[in-house]
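Structure, as structure tokens:
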Amino acid sequence: MAQDTTAGLDGPMRQVFAAPAVAGYMTAPTDDGALKRTWTWLFLKDAIPSGADTLALEWEIDCTARTARTVRTVLYTGATHMKTDGGAAERSAPPAGSPGAITLEAACAPAERARTTPVANAAAARTAANALFAAPAQNARR
């Protein structure tokens, strides 16, 4: 996928959730002192009104305080970078069930608790998400 030059944006990632119209993948979290940083990629079955069908969110996570903030959000249409927006100034507790809460849980869990096999990069994750979207609804997994 075409991307901006932000380090860590694209690399090996694991599926962290799936629903009939969206699949979420997360890069391996890195430690930044007391914080962790990771990217969550949301692959959408259908594009949002702006035309984006993929969103990449960079997170700064405090596992001890159970808070997170979106550092930036990057929108794509297909493999083409559309725009990058800045995130929140302060960390807060993400709403239950949100991509932020799911990312926080996955980033703070021990690596051996990961339930999915890693894929090579965002392009491989998009291919896997498209296969999930094409599968009958009863086969979708969470």
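The values are calculated or read from the model by the stated rules, or taken from the named source; none is laboratory data. Bear in mind the structure is a predicted one, so any value in this text is a computation, not a measurement. No Cβ is skipped: glycine too gets one built from the backbone with ideal geometry, and neighbour counts run over all protein chains shown. Side chains included, ligands, DNA and RNA excluded: accessible areas come from the protein's heavy atoms. Shrake-Rupley method; radii C 1.70, N 1.55, O 1.52, S 1.80 Å.
Key figures for this structure:
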{"item": "Dipole-positive endmost among Ala120, Leu57, Ala131 within the chain (Cβ charges, Cα centre)", "result": "Ala131"}
{"item": "Rg(Cα)/(2.2 N^0.38 Å) for the chain, N = residue count", "result": "0.99"}
{"item": "Förster radius 22 Å - calculated FRET efficiency between Glu105 and Ala134 (Cβ-Cβ, nearest 0.05)", "result": "0.20"}
{"item": "Extension reserve of the Asp32-Ser50 stretch, reckoned as 0.36 nm per residue once the Cα distance is removed", "result": "3.2 nm"}
{"item": "Selected from Ile102, Ile48, Ile61 as most flexible by GNM, with the chain as the system and alpha-carbon contacts under 10 Å", "result": "Ile48"}
{"item": "The chain, relative contact order in percent, only Cα pairs under 8 angstrom and at least six apart counted", "result": "26 percent"}
{"item": "Surface accessible to a 1.4 Å probe, per residue, for the residues of the stretch 1-141, Å²", "result": "51 Å²"}
{"item": "Normalised convex hull volume, the stretch 52-102, alpha-carbon set, Å³ per residue", "result": "75 Å³"}
{"item": "Karplus-derived HN-Hα couplings along the stretch 28-33 (A = 6.51, B = -1.76, C = 1.60, θ = phi - 60°), whole Hz, x at Gly and Pro", "result": "5, x, 10, 8, 10, x"}
{"item": "Heavy-atom accessible surface of the stretch 36-142: percent carbon and sulfur, 1.4 Å", "result": "53 percent"}
{"item": "Computed over the stretch 61-142: relative contact order in percent, which uses C-alpha pairs under 8 Å that are six or more apart", "result": "22 percent"}
{"item": "Distant-in-sequence amide H partners of Thr67 (H built 1.01 Å from N, under 5 Å)", "result": "Asp62"}
